Amino acid sequence: MNLITLENIYKSYSEKPLLTDVKLTITSEDKVGIIGVNGAGKSTLLKIIAGIEQEDSGVITKMNGLNISYLPQHIEFNPEDRIIDHVFNGAGEIMEVLREYEHVLEELKINSDNSKLQQQLFKLTSKIDALGGWQIESEAKALLTKLGITDFDAKMGKLSGGQRKRVGLCNVLITPCDLLILDEPTNHMDNEIIDYMEELLQKRKGGVIMITHDRYFLDRITNRIFELDRGELYSYQGNYSVFLEKKAERMQLMEALESKRQNLYRKELAWIKRGAKARSTKQKARIDRFEELKETSYKIDEDRMDLNTAGSRLGKKILELYNISKDFGDKVIIKDFSHIFTKEERVGVIGNNGMGKTTLLNIISGKLNPDKGQVIQGETVKIGYFTQENIELDGNMRVLEYIKEIAEYITTNDGNKITASQMLENFLFDGTMQHSFISKLSGGEKRRLYLLRILMEAPNVLFLDEPTNDLDIQTLTILEDYLDRFNGTVIAISHDRYFLDRIANRIFSFEGQGKILELVGNYSDYKEYRDIKAEEEVATSSTNKEKKYDENKNRKEKPTKLKFTFKEQKEFDTIDDKIEKKEEDIATVETEINQCGSDFVKLQQLLEEQNRLKDELNFLLERWEYLNEIFEEMETQKQNK
């Protein structure tokens, strides 16, 4: 079923064409990934599909009653809203009723005797029953817990950016919709959460369209790829791996066509230079064809130059950590950690948010002192530190000036010089962009420019704190190629599993309580290690359970006691009456529940009483079974004598 169709969509900003003649259709079976360089218009396209931004021209056709749920890259929120309020801040009657229900519950905590609120809650409860909304409420709270959010009443304004992103994600995932739109859903997410998100989206029914730089995520979720390239949209059927193959085929075709065009152009240019004149219809047509060849070219990706640049000389002693520890208040961040870094070591640092990964980088770089231990830095070490925080760039500077401020050129290992302008081209800044003011760049383009500035400083040790956040896939590929040829040491914090597999040869995993697990290999090696450990733990747990079960079974099948104790005999004589009485008590409470009307406080008390009585009944039934097994064994023994 077609959900939405865009035809001939055009959108520009400050006279710069962003989307030109874009055509696409999304069906209820599609899971689409959008890729393209920063500033290509990916987020703008999502906003147009979501109805948040207006296209300059073109036609959009939507399915009647189409429900869209949209997760922006940066969450908009009311700082005073509770988490649970924001989660239920979706469109539709169910979400509206759930919001009102949570609000009334909050009011009743303050004023539990308010009969008006009790009556309102009773009506809302009935309405949620009719709409089948309890499942959504249950799913929302379960999902929040899975995402590491347990205080549902906390204010949105008190949360970190990553926590707000999780709450926003929960909101769109539990809101019933036909089309789910996600803008960078994996940013600031732990790997465990990303794995869980993959499971949810793989099972989800309905259309999905997303922007993400996480290539494993794209590979496992999508069945279509939209590529935005210089205003045009190219559609590929298949996941990211299939896209790479088909993109290569398209580029080969474009290169062949461009080569053919250039050969023909050279021939026609020679003919024109010989003094051709439009004296006949045939000659005029040939001149027209020349002008068309002159204006037309096939868009192909230009080859990037070799980034085998020379950093500063790096001596044998690089970075050495001896028994370093760091606490923040009562929280242990790093405990007694030691490591000696070597040249060309590529360390991937992983762990949940807030565990201390950035703290480790700051200690190693000298920005922060450890509470205990020693950090030794070699005399030749020159650190380039790409931080996670957004650095304020001077918007009044031009792009080329910003890079030239560091260096006019850099020198490769073979002695060749690469100018600042050439490096900018290699990092996807064309001639026009190089002379633009920094203020005209998108957020992702500014991050890319900041990364290039750090590399232009020719460091021999690179610290990368979440480099894949806000960078497009093309820039990540360029960075990975650069690191392949980089002769120094790299320490990178990242949640991007593909990136870690590409660049890491050692993993530091923050396990909690200050422990850092070291493992030789990349992220997949670490994941395999974790899976094996988990299987071993499950096997050990299953063995223990089976052993305990067998012991219990043997005790039940072969009771060693051949007669009751005095207390057991008394219990056996009276247990039937106790069970009957308990069942009567439960029936009485259930009758009162049905008759209590809108008295919310009394209803809560009765429900608690009902649960307590049922627990007591279950205990009595277990005792009845145990005592009767002993009694039957005693009778069998008597008969065998």
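For Met397 and Asp336 in the same chain, what is the full-extension length gain: residue separation times 0.36 nm, less their Cα-Cα distance, in nm? Don't jump to the answer; show the numbers that get you there.
On the way: separation 61, 0.36 × 61 = 21.96 nm, distance 4.54 nm.
Gain on extension, Met397 to Asp336, equals 17.4 nm.
Phi angles across the stretch 368-384 convert, under the Karplus curve 6.51 cos²θ - 1.76 cosθ + 1.60 with θ = phi - 60°, into 3J(HN,Hα) values of 9, 8, x, 5, 9, x, 9, 10, 10, 10, x, 5, 8, 5, 10, 8, x Hz, Gly and Pro given as x.
Taking 0.36 nm per residue of separation and subtracting the Cα-Cα distance, full extension of the segment from Arg266 to Ser28 would add 80.8 nm.
Given R₀ = 41 Å, FRET efficiency for Glu457-Ser57 by Cβ-Cβ distance, to 0.05?
On the way: r = 45 Å, r/R0 = 1.10.
Using R0 = 41 Å, I get an efficiency of 0.35.
Can you tell me what percent of all Cα-Cα pairs in the stretch 319-521 are more than 25 Å apart? Write out the running numbers ahead of the final one.
On the way: 8154 of 20503 pairs.
In whole percent, the share of Cα-Cα pairs in the stretch 319-521 beyond 25 Å is 40.
Net charge dipole, the stretch 319-521: roughly 200 debye, given to the nearest 20, about the Cα centre with Cβ charges of +1 for Lys and Arg and -1 for Asp and Glu.
Taking the mean number of other Cβ atoms within 10 Å as a proxy for protection, how do you rank 394-401, 501-508 from highest to lowest? Numbers along the way, then the final one.
On the way: 394-401: 15.1, 501-508: 21.0.
Put in order of decreasing packing, that is 501-508, 394-401.
Computed from Cα atoms alone, the Kirkwood hydrodynamic radius reported for the stretch 415-486 is 13.0 Å. Relative to the longest principal axis of the Cα atoms of the chain, the long axis of helix 473-485 lies at roughly 80 degrees.
Assuming a viscosity of 1.567 mPa s and a temperature of 4 °C, what translational diffusion coefficient in µm² per second does Stokes-Einstein assign to the stretch 4-50, Rh being the Kirkwood radius over Cα pairs?
Numbers: Rh = 11.6 Å.
Reported coefficient: 112 µm²/s.
Mind giving me the FRET efficiency for Lys570 and Glu590? R0 is 35 Å, r the Cβ-Cβ distance, nearest 0.05 is fine. Display every interim value, and only then the final one.
Values: r = 30 Å, r/R0 = 0.87.
Result of the calculation: an efficiency of 0.70.
So what is the relative contact order for the chain, in percent, with contacts set as C-alpha pairs under 8 Å and at least six apart?
Values: 968 pairs, mean separation 86.8, N = 641.
Relative CO of the chain lands at 14 percent.
Centre-to-centre separation between the Cα atoms of the stretch 222-263 and those of the stretch 160-203: 29 Å.
In plain terms, the residue of His213, His339 with the fewest other Cβ atoms within 10 Å comes first and the most crowded comes last, giving His339, His213. Potential lengthening of the chain between Ser126 and Asn369 amounts to 81.6 nm, from the contour at 0.36 nm per residue minus the alpha-carbon distance.
Can you compute the FRET efficiency between Trp624 and Gln202 using 1/(1 + (r/R0)^6), with r the Cβ-Cβ distance and R0 = 56 Å? Round to the nearest 0.05. Don't jump to the answer; show the numbers that get you there.
Values: r = 47 Å, r/R0 = 0.83.
Calculated transfer efficiency: 0.75.
The stretch 175-242 gives an Rg/Rh value of 0.96, both radii derived from C-alpha positions and Rh following Kirkwood. Highest mean first, the peptides 482-488, 457-463, 60-66 sorted by other C-beta atoms within 10 Å per residue fall in the order 457-463, 482-488, 60-66. Each 10 Å bin from 0 upward holds the following percent of the Cα-Cα pairs of the chain: 3, 11, 18, 19, 17, 13, 9, 6, 3, 1, 1, 0, 0.
Across the stretch 77-176, the relative contact order, built from alpha-carbon pairs under 8 Å that are at least six residues apart, equals 47 percent.
Checking a compactness column here: for the stretch 303-429, what do you get for Rg(Cα) / (2.2 N^0.38 Å), N being the number of residues?
Numbers: Rg = 18.5 Å, N = 127, 2.2 N^0.38 = 13.9 Å.
It is 1.33.
Scoring 366-374, 403-411 by mean Cβ neighbours within 10 Å over their residues and listing the highest first yields 403-411, 366-374.
Here the residues Asp470, Asp330, Asp585, Asp336, ranked from fewest to most Cβ neighbours within 10 Å of their Cβ, fall in the order Asp330, Asp336, Asp585, Asp470.
Can you pull the percent of Cα pairs in the stretch 77-176 with separation above 17 Å? Before the final figure, lay out the partial values.
Details: 2500 of 4950 pairs.
Value for the stretch 77-176 (Cα pairs over 17 Å): 51 percent.
FYI, it's all coordinate maths here, none of it is from the lab. Predicted model, so just to flag it, every value in this text is computed and none were measured. Positions of Cβ are backbone-derived with ideal geometry, glycine not excepted, and every protein chain shown enters the neighbour counts.
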